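Below is one structure; the comments refer to it alone.
The values are calculated or read from the model by the stated rules, or taken from the named source; none is laboratory data. Please read these numbers as outputs of a predicted model, since none were measured by experiment. Methodologically, a virtual Cβ is constructed for each residue, glycine included, from the backbone with ideal geometry; neighbour enumeration extends over all protein chains shown. All accessible areas refer to the heavy atoms of the entire protein, side chains included, with ligands and DNA or RNA removed. Shrake-Rupley method; radii C 1.70, N 1.55, O 1.52, S 1.80 Å.
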Amino acid sequence: MITETVIPAPPKEMIDSEKLRADFPILHQKVHGHPLIYFDNAATSQKPRAVLDALRNYYERDNANVHRGIHELSNRATTAFEAARARAAHFINARSADEIVFTRGTTEGINLIAHSWGGRNLKAGDKILLTEMEHHSNIVPWQLLAERTGAKLVYLPVTGDEGLLDLTRLDSVLTREVKLFAMVHISNSLGTVNPVAELCERARRLGVVTLVDAAQSAGHCPVDVRQIGCDFLAFSGHKICGPTGIGALYGRRELLEAMPPWQGGGEMILSVDFYKTSYKHAPHRFEAGTPDISGPIGLHAAMDFLDGIGRENIFRHDQDLAAYAYDQLSRLNEVRLFGPKTGRAGLVSFLLKDVHAHDVVTVADQWGVALRGGHHCTQPLMRKLGVESTARASFYFYNTKNEVDRFVEVVGEIQKFFAR
Ligand SMILES: Cc1ncc(COP(=O)(O)O)c(C=O)c1O
């Protein structure tokens, strides 16, 4: 009997990167005489025209201070500002816009929680659980809090170069003394995608409050705070095609409402007396002073842009590029690769034997390839891995397989150059 061979259809191209690139004026330039290949997206992403236009339109037509005026421009600015809050809530599936505090970014969001929630709820002997792959912005605020309160830091270990959380150790570190578990969703140094929903579920069973650092995930994959089940989640606008200087902090409403302000000033008050002040409800209680107004408006445009592409599609595209880059780099001699072999997010960290990561980045730049070299604000992780730094290529939906081919060719050239 002859069986018919079924040839699987080629995977559908979910993202047309070439077409999307047209929306990013900055990508169409030469650097040191070579077409720019921008692989530093984990540090900050580029901005589409839609975001640039939103900022320009705001300043050309609507610029005024928010929440205070009763004139037309102030009303327009306030409406746009609060619409961006509602959009941010929808972006991460929060229950209400009142669960979104605008911040300067992930770092400020985490600092806010450490000051306000931590200051009120932690005492000597309590523990704060972190993972060994945290960015400094999810370590230092907790160290400052520990110094103020006498609380202690505990870490869930990372397995080694493969960069996974050692979940066999979870029970020994997630104990009843832990009051807060703060974890990164996607590691900026390793590309690891952590099982945050599972970790939050385990924490919740012990009544431990959870915070997710979504700096590398919010714009790269679907992020749903209800599905994750976290209490707090922070992300930065500039890493998701939005402007610098704006970010959002999600907090579960009951927790936000019970937290004291962390900065005082205009905008966050109900009434001020010479000796006593009463505060607005969350989230306004946490936004003292004139906020960044154009930032949320630009962020709104960025979130619309990303959801127009679809974050599942972006994730698949980033993952495909990273898997391809990982595979191509692993074919070169004497390359040390960091992070999981499979299931990695859209970045690859690597070291070439006898070449400093900064030298890799400096020479790559001469070929028009923008990489990042250093400790990536994860010095404790680097020490654990026994290195000072790595070189990192990080991708987004506007990057292409051809660019990865060119990047790998350049890495090969760098090896030849330093072997001389
Ligand atoms: C995982 C992670 N967390 C936090 C941050 C801090 O973000 P920001 O500097 O935008 O506050 C970064 C930035 O690189 C990051 O990659």
For segment 327-374 and segment 17-37, what is the separation of their C-alpha centers, rounded to whole Å?
-> 21 Å
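I need the per residue convex hull volume for segment 216-347, using only the alpha carbons, in cubic angstrom as a whole number. Let's see the in-between values first.
On the way: hull volume 19.1 nm³, N = 132.
Once divided by residue count, the hull of segment 216-347 is 145 Å³.
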Any idea what angle helix 72-91 forms with the longest principal axis of the chain, computed on alpha-carbon atoms, 0 to 90 degrees, nearest 10?
-> 60 degrees
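Please compute one quarter of the surface area of the Cα convex hull for segment 226-295 and express it in square nanometres.
Numbers: hull surface 22.9 nm².
It is 5.7 nm².
From the Cα trace of the chain, what convex hull volume per residue do you get, rounded to a whole Å³? Kindly include the intermediate steps, with their values, before the conclusion.
On the way: hull volume 77.2 nm³, N = 420.
It is 184 Å³ per residue.
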Where does helix 401-419 land angle-wise versus the long Cα axis of the chain, in degrees 0 to 90, nearest 10?
-> 70 degrees
Quick one: what does P(r) look like for segment 92-188 with 5 Å bins over all Cα pairs, in whole %?
-> 2, 12, 21, 22, 19, 15, 7, 1, 0
Once Leu167, Leu27 are ranked on solvent-accessible area with the largest value leading and a 1.4 Å probe, the list reads Leu167, Leu27
Relative to the chain, whose Cα atoms define the longest principal axis, helix 294-309 and its Cα axis are tilted in degrees, nearest 10, by 50 degrees
When only Cα pairs under 8 Å and 6 or more residues apart are kept, what is the percent relative contact order across segment 158-249?
-> 22 percent
Would you work out which of Gly251, Val411, Asn63 lies farthest towards the positive end of the dipole of the chain, given +1 charges on the beta-carbon of Lys and Arg and -1 on that of Asp and Glu, about the Cα centre?
-> Gly251
Return the Cα extents of segment 176-257 along principal axes one, two and three, sorted largest first, each rounded to a whole Å.
-> 39, 32, 21
Quick one: plug the Kirkwood hydrodynamic radius of segment 67-109 (C-alpha pairs) into Stokes-Einstein at 25 °C, 0.890 mPa s, and report D in µm²/s.
-> 215 µm²/s
Calculated FRET efficiency, Lys276 and Ala64, Cβ-Cβ r, R0 35 Å, to nearest 0.05?
-> 0.70
Quote the Stokes-Einstein diffusion coefficient, in whole µm² s⁻¹, for segment 266-420, based on the Kirkwood radius over alpha carbon pairs, a temperature of 20 °C and a viscosity of 1.002 mPa s.
-> 114 µm²/s
Taking +1 at the Cβ of each Lys and Arg and -1 at the Cβ of each Asp and Glu, which of Val272, His284, Gly310 sits farthest along the dipole of segment 230-363 towards its positive end, judged by Cα position relative to the Cα centre?
-> Gly310
Only Cα pairs under 8 Å and at least 6 apart count here; give the relative contact order of the chain as a rounded whole percent.
-> 22 percent
Rounded to the nearest 20 debye, dipole of segment 288-396 from Cβ charges on Lys, Arg, Asp, Glu = 460 debye
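Would you please report the Å³ per residue occupied by the convex hull of the alpha carbon atoms in segment 269-354? Could the numbers behind the result be given before it?
On the way: hull volume 17.6 nm³, N = 86.
Normalising the Cα hull of segment 269-354 by residue number yields 205 Å³.
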Let me see the pair-distance distribution of segment 107-257: every alpha carbon pair, 10 Å bin width, integer percents in order.
-> 11, 44, 37, 7, 0
Each label sits 7 Å from Cα toward the beta-carbon; between Ser96 and Arg226 the label points are separated, in nm, by 1.4 nm
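Can you tell me what the convex hull of the Cα atoms of segment 327-415 projects to on average, as an area in nm²? List each step's numbers first, then the result.
Numbers: hull surface 23.1 nm².
Over every viewing direction, the Cα hull of segment 327-415 projects on average to 5.8 nm².
Where Rh is the Kirkwood radius over the Cα pairs of segment 189-229, the temperature 10 °C and the viscosity 1.306 mPa s, what D in µm²/s does Stokes-Einstein return? Spell out each step's value before the answer.
Values: Rh = 11.1 Å.
The Stokes-Einstein estimate is 144 µm²/s.
Please give the direction-averaged projected area of the C-alpha convex hull for segment 1-138, in square nanometres with one decimal. Present the calculation step by step, with values, prior to reporting the outcome.
Values: hull surface 76.3 nm².
Projected area, direction-averaged: 19.1 nm².
Can you give me the relative contact order of segment 39-146 as a percent, contacts being Cα pairs under 8 Å and 6 or more apart?
Details: 55 pairs, mean separation 15.1, N = 108.
This gives 14 percent for segment 39-146.
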